[in-house]
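Novice: Mind having a look at this structure? Questions to follow.
The values are calculated or read from the model by the stated rules, or taken from the named source; none is laboratory data. Bear in mind that the values here come from a model prediction, so they are computed numbers and not experimental data. Methodologically, a virtual Cβ is constructed for each residue, glycine included, from the backbone with ideal geometry; neighbour enumeration extends over all protein chains shown. Keep in mind that these areas ignore ligands, DNA and RNA; they rest on the heavy atoms of the full protein, side chains included. Shrake-Rupley method; radii C 1.70, N 1.55, O 1.52, S 1.80 Å.
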Amino acid sequence: MAKQIAVAGKGGTGKTTFTALLIRYLVKNNKGSILAVDADANANLNEALGMEVEQTISELITSTKNPKNIPAGMTQETYIEYKLQASLVESDYVDMLVMGGPEGPGCYCFPNNLLKGYMDKLGKNYGYVLMDNEAGMEHISRRVTQDIDYMFVISDASARSIRSAGRVRQLVDTLKSDVKNIYLIVTKTQNDEDLATLQGEIDKTGLKLIGVIPYDPQVAKFDLLSQPLFDLPDNSVAVQAVNAICKEAQI
């Protein structure tokens, strides 16, 4: 079975940066085949990995709500499964599905159940399945992804963001999700004093702080130039920090 890794946290904390560099670590260390799932409504993991995405899952699901879009002689279920396979973006080092944002009103229970079944079957072909979630973790709450081996909750170096990370932990507990290991990561730190100031808030979250990712000007430069973060050099401060976190977590 694939190792299931989920990354959560509110927008702007460096969640996608961490996910991209986690994938970089797995690839550079030949850890195994990878399926990346971008479940954040503000999807940009593909850009961080340098991949092109033509259709999101939400766009696909919306199209199937109109019976006229389904070819004659094909059931909705068969059509969705066919299109899901077509939505898989493949590269030399990672394959990707992008969920996308909500597309209009209506119940998505049926296609989400199909998606869960598809993810269960698809995941068996990979060594790792990584899901980059929004803070609300909609796809975890709908049980599209479950039995998580590692969850990393990302926060920047602010008390407000640390509290948000604590609420993610509360949500996991409320959902009674099967999460074997859950960790806190603090990003964009400037110095050791940042952590000392935040220690009280960190303790309240009930999360284990597994590492910090200091502010990295190379990440800022790559973002400015729209260069894939996957291509960051080995001497990047962020790359080195993520590598250390992965080793500490024994991924």
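Novice: So in region 165-187, with the set limited to residues that are without any contact (Cβ under 8 Å) to a residue 40 or more places away in the chain and among the polar types (S, T, N, Q), which one is farthest from residue 238 (Cα to Cα)? Step through it out loud before you land on a result.
Specialist: The initial filter retains those residues of region 165-187 that are without any contact (Cβ under 8 Å) to a residue 40 or more places away in the chain, namely 167, 169-178, 180, 182, 184, 186.
Now drop any that are not among the polar types (S, T, N, Q), which leaves 170, 174, 177.
Values: 170: 28, 174: 32, 177: 30 Å.
This residue is 174.
Novice: Also, I was wondering about something else. Do you know which residues across region 144-165 are surrounded by fewer than 18 Cβ atoms within 10 Å (Cβ to Cβ) and not in a loop (DSSP other than H, G, I, E, B)?
Specialist: Quick first cut of region 144-165, residues surrounded by fewer than 18 Cβ atoms within 10 Å (Cβ to Cβ) only: 146-147, 158-160, 163.
Within region 144-165, 159, 160, 163 qualify.
Novice: Please specify each residue of region 224-246 satisfying the condition of being part of a helix (DSSP H, G or I), open to solvent by 40 Å² or more (accessible area, probe 1.4 Å) and either aliphatic (A, V, I, L, M) or closer than 14 Å to residue 165 by Cα (or both).
Specialist: 224, 237, 244
Novice: Would region 128-147 turn up any residue that is of a type outside the set (A, V, I, L, M), at pLDDT 95 or above and out of contact with any Phe, Trp or Tyr (no Cβ under 8 Å at 6 or more places or on another chain)? Can you show your working first?
Specialist: Applying the first criterion (of a type outside the set (A, V, I, L, M)) to region 128-147 yields 128, 132-134, 136, 138-139, 141-143, 145-147.
Filter again for at pLDDT 95 or above, leaving 128.
Add one more test, that the residue is out of contact with any Phe, Trp or Tyr (no Cβ under 8 Å at 6 or more places or on another chain), and what stays is 128.
Within region 128-147, one or more residues are of a type outside the set (A, V, I, L, M), at pLDDT 95 or above and out of contact with any Phe, Trp or Tyr (no Cβ under 8 Å at 6 or more places or on another chain).
Novice: With 20, 43 as the choices, which residue is touching a residue at least 40 places away in the same chain (Cβ under 8 Å) and part of a helix (DSSP H, G or I)? Outline the logic, then answer.
Specialist: Values: 43 fails: part of a helix (DSSP H, G or I).
Exactly one residue qualifies, and that residue is 20.
Novice: If I ask for residues that are more than 10 Å from residue 165 (Cβ to Cβ), open to solvent by less than 60 Å² (accessible area, probe 1.4 Å) and acidic (Asp, Glu), which ones from region 201-223 would you list?
Specialist: Of everything in region 201-223, just one residue is more than 10 Å from residue 165 (Cβ to Cβ), open to solvent by less than 60 Å² (accessible area, probe 1.4 Å) and acidic (Asp, Glu), namely 216.
Novice: When you look at residue 83, is it at pLDDT 80 or above, surrounded by 15 or more Cβ atoms within 10 Å (Cβ to Cβ) and closer than 30 Å to residue 239 by Cβ, yes or no?
Specialist: Working: at pLDDT 80 or above: yes; surrounded by 15 or more Cβ atoms within 10 Å (Cβ to Cβ): yes; closer than 30 Å to residue 239 by Cβ: no.
Considered against the rule, which asks whether it is at pLDDT 80 or above, surrounded by 15 or more Cβ atoms within 10 Å (Cβ to Cβ) and closer than 30 Å to residue 239 by Cβ, residue 83 comes out as no.
Novice: Could you grab the pairs with beta carbons closer than 6 Å, sequence gap of 6+ or different chains, first residue in region 188-213 and on the phi > 0 side of the Ramachandran plot, second one surrounded by 18 or more Cβ atoms within 10 Å (Cβ to Cβ) and charged (D, E, K, R)?
Specialist: Pairs that qualify, where the first residue is on the phi > 0 side of the Ramachandran plot and the partner is surrounded by 18 or more Cβ atoms within 10 Å (Cβ to Cβ) and charged (D, E, K, R), are 188/156; 206/169.
Novice: Test each condition in (1) at pLDDT below 95; (2) in contact with a helix residue (DSSP H, G or I) (Cβ under 6 Å, 6 or more places away or on another chain) for residue 49 and report the one that comes out false.
Specialist: Tallying (1) at pLDDT below 95; (2) in contact with a helix residue (DSSP H, G or I) (Cβ under 6 Å, 6 or more places away or on another chain), residue 49 fails exactly one: (1).
Novice: Is it the case, given these coordinates, that residue 32 is more than 14 Å from the chain's Cα centre (by Cα) and in a loop (DSSP other than H, G, I, E, B)?
Specialist: Values: more than 14 Å from the chain's Cα centre (by Cα): yes; in a loop (DSSP other than H, G, I, E, B): yes.
Judged against the criteria, residue 32 is a match.
Novice: With the structure loaded, tell me whether residue 6 is hydrophobic (A, V, I, L, M, F, W, C), in a helix (DSSP H, G or I) and modelled with pLDDT of 90 or more or whether it fails that test. Give the steps one after another, and end with the answer.
Specialist: Details: hydrophobic (A, V, I, L, M, F, W, C): yes; in a helix (DSSP H, G or I): no; modelled with pLDDT of 90 or more: yes.
No: the conditions fail for residue 6.
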